[in-house]
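In what follows, a structure is listed as C-alpha cells, so that the remarks can point back to it.
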Amino acid sequence: HLIKALESDPDIHVTHMPSWVAYKKFPTSLEELQKYDAVILSDVENVVLTLYEQFFPSEPEKHLVLPNRPKLISEFVERGGAFIMGGGWLSFTGRMGIGGWHKTPVAKILPVEMLGVDDEMETPEGAIPKAVVTDHPIMKEIDWNAAPPFLGYNKTRLKAGTTLLATITEDNDPFIAVWDYGKGRTMAFMSDPVLHWGYNFIRWKHYQQFWIQAIRWLTRK
C-alpha cells in the first residue's frame, strides 16, 4: 500500500527491502546509501541491520569488523538525507523491547525519545489522531478532522526543539513529529504505515497525499 501510494508520484521511486533482504543487501557504505534521498524503516528490528551473515561462517576468520548500518543511517541524515521511522511491533523500542532502536545511533536523529521498555499500545477500539499544526507542508490540505482510527501505536516522548504535527489519545502522546538534524530531516510516524495498526489508514482518501507530501518535505523536493 505504501509503495503504491508513493509511486503514484512519477518522481518517486521505491526500493523495497523486507527484513530478510535488508539483512544481506542494505547499504554498507555512506556512498551507497547516498544514492537514495530517503530511508524508511517500519517493523524492522535493530538486529536486522547490525547482524551480518558473515558473522556465521563455516570457517571463522581471524578478524572481522563490518560497518554499523544504523550508524550509517545517522551519518546519512547528518549529511542531508531524509529518514522516517514508522511504527510497529519491531519499530522504536517495540513489543517487549524487540525493536531495540533505543540502543542505536538512530535514536539520536529521531524527533522523539524512545522509552527503552515495551512501547506497544494496542487500541483495537480505535485511537484518533489530532492535528496540532495543520499548515505544515506535510499536513496541509488534509482533512485531519476526518482522520480514521488507528489500531495501535508506539508510545514515545517528544524531544525539545522538534515540531509536533499530531498527537493521539487523551494523553496527547506524540503521533507525528519532525525536525531538522544536521543537514537532513527526520520524521517519526508512531503508527504502522500499513497493516495491522494502519488497517483503516490505508483506505483513507488522504493516505497517498500524506505520504507524498511527507517525502517531498523531508527531502526538500
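Odds and ends about this structure:
- Bridges between two residues of the chain, per DSSP, are antiparallel at a rate of about 70%.
- Net charge dipole, the stretch 115-221: roughly 740 debye, given to the nearest 20, about the Cα centre with Cβ charges of +1 for Lys and Arg and -1 for Asp and Glu.
- Angle of helix 69-78 to the longest C-alpha principal axis of the chain, folded into 0 to 90 degrees and rounded to 10: 60°.
- Of K35/K71; K25/K71; K24/K183; K103/K155; K71/K183, those spanning more than 23 Å from alpha-carbon to alpha-carbon: K24/K183
- Helix axis angle, 207-218 relative to the chain longest principal axis, alpha carbon, degrees: 60
- Using equal-weight Cα scatterers in the Debye expression, the normalised intensity of the stretch 119-170 in log10 at q = 0.18, 0.29, 0.30 Å⁻¹ is -0.66, -1.17, -1.19.
- Calculated FRET value between K159 and S8, using beta carbons and R₀ = 41 Å, to 0.05: 0.80
- Local electrostatic count at I128 - Lys and Arg +1, Asp and Glu -1, tallied over other residues with Cβ under 14 Å: -4
- Signed unit charges on C-beta, dipole axis of the chain, positive-most listed residue W197, G81, V48: G81
- Proximal aspartates and glutamates relative to K108, as straight alpha-carbon distance under 14 Å, when same-chain residues fewer than 8 apart are discounted: E75, E78, D180
- Equivalent ellipsoid of the chain: semi-axes from √(5λ) of the C-alpha gyration tensor, largest first, are 29, 19, 16 Å.
- E170 versus L30: modelled label distance in nm, points set 7 Å from Cα along the beta carbon direction: 4.8
Quick note: the coordinates plus some simple rules give every number you see, no bench work behind them. All values derive from a computational prediction rather than experimental measurement. Virtual Cβ from ideal backbone geometry, glycine too; neighbours counted across all protein chains shown.
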